[in-house]
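As structure tokens, the structure follows; a few thoughts come after it.
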């Protein structure tokens, strides 16, 4: 089952981060692990490191991942390893577990803080959790047991979690390829799980929203509208055209770098 050869048209990087807390904008990465699946079929390459966040870490986070300030005292800051991580990822697509809502925007924020704009608009994003939750709602540990038939050891160690996620992903393709799905309205979705990165990108992303924090919503006709604040439900382009200062206000406030990238691009199109 886990010997499935992924059908890749470009490299695919699975990754996981452990952090100081759960706030995508305010918290920091303390560990990152990445495994690159190469489109040419060569053996996967791995990169794993501890990172000194430069800010306090919550007790709750330490209880989850077991990483303490003492473990991080002599480790590099993100600014010192940013280029190495950037180069490792290259132009690859990205995958992970709950990665669309947490790991990807967290990494984008870290890059943004050091002046590097990590653009995901041209990458396919595969969230293995979304496949699992849509097909068999549970947790990574349960997913590993369900799809791989064994227990997950060292849970919440980033590299162990990444390796487990890869095994779960391959197990999902094996289990669901060719299997139809019933959506929440009872409609049959013909065989949504395929060994195809574009199909899985579309399946695991909520295409009704442009960003992980769900501030920008896409209507049925393709119009992008605000999903927050005084202009909620109003077309973004129309608002920016009438009130240019609103776009600048967003750029200065505590919105994710993903939202700011999208707004900046839309302002260029005015």
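Residue 66 fails exactly one of the following numbered conditions: (1) at negative phi; (2) surrounded by fewer than 22 Cβ atoms within 10 Å (Cβ to Cβ). What is the number of that condition?
(1)
Go through segment 232-260 residue by residue and tally those that are out of contact with any helix residue (DSSP H, G or I) (no Cβ under 8 Å at 6 or more places or on another chain) and part of a helix (DSSP H, G or I).
So the answer is 7.
Quick one: what pairs do we get from segment 132-152, first residue under 24 Å from residue 190 (Cβ atoms), second at pLDDT below 90 and surrounded by fewer than 17 Cβ atoms within 10 Å (Cβ to Cβ), C-beta under 7 Å, 6+ apart or different chains?
132/138; 146/136; 146/138
Only residues that are in contact with a strand residue (DSSP E or B) (Cβ under 7 Å, 6 or more places away or on another chain), surrounded by fewer than 23 Cβ atoms within 10 Å (Cβ to Cβ) and part of a helix (DSSP H, G or I): list them for segment 80-99, please.
The answer is 81, 85, 88, 89.
The conditions are (1) touching a strand residue (DSSP E or B) at 6+ places or on another chain (Cβ under 9 Å); (2) under 16 Å from residue 34 (Cβ atoms), and residue 111 fails exactly one of them. Which is it?
If we test residue 111 against (1) touching a strand residue (DSSP E or B) at 6+ places or on another chain (Cβ under 9 Å); (2) under 16 Å from residue 34 (Cβ atoms), just (1) comes out false.
Quick check: anything in segment 50-73 touching a strand residue (DSSP E or B) at 6+ places or on another chain (Cβ under 7 Å), assigned to a strand (DSSP E or B), closer than 19 Å to residue 162 by Cα and without any contact (Cβ under 8 Å) to a residue 40 or more places away in the chain?
yes
Could you say which residue among 222, 186, 171 is under 24 Å from the mean Cα position of the chain (by Cα) and at pLDDT below 95?
Residue meeting the stated conditions: 222.
For residue 150, state whether it is in the same structural domain as residue 48 (by TED's automatic domain parsing), on the phi < 0 side of the Ramachandran plot and either within 13 Å of the chain's Cα centre (by Cα) or outside any helix (DSSP H, G or I) (or both).
yes
Which residue out of 191, 155, 175 is assigned to a loop (DSSP other than H, G, I, E, B) and farther than 23 Å from residue 16 by Cα?
Exactly one residue qualifies, and that residue is 191.
If a residue must be free of Cβ contacts under 8 Å to residues at least 60 places away in the same chain, surrounded by 14 or more Cβ atoms within 10 Å (Cβ to Cβ) and either under 18 Å from residue 83 (Cβ atoms) or not assigned by TED's automatic domain parsing to the domain that holds residue 110 (or both), how many such residues does segment 39-49 contain?
2
The values are calculated or read from the model by the stated rules, or taken from the named source; none is laboratory data. The shown structure was predicted, so the numbers you read here are calculated from the model rather than taken from an experiment. Cβ coordinates were reconstructed from backbone atoms using ideal geometry, including for glycine residues, and neighbour counts include every protein chain displayed.
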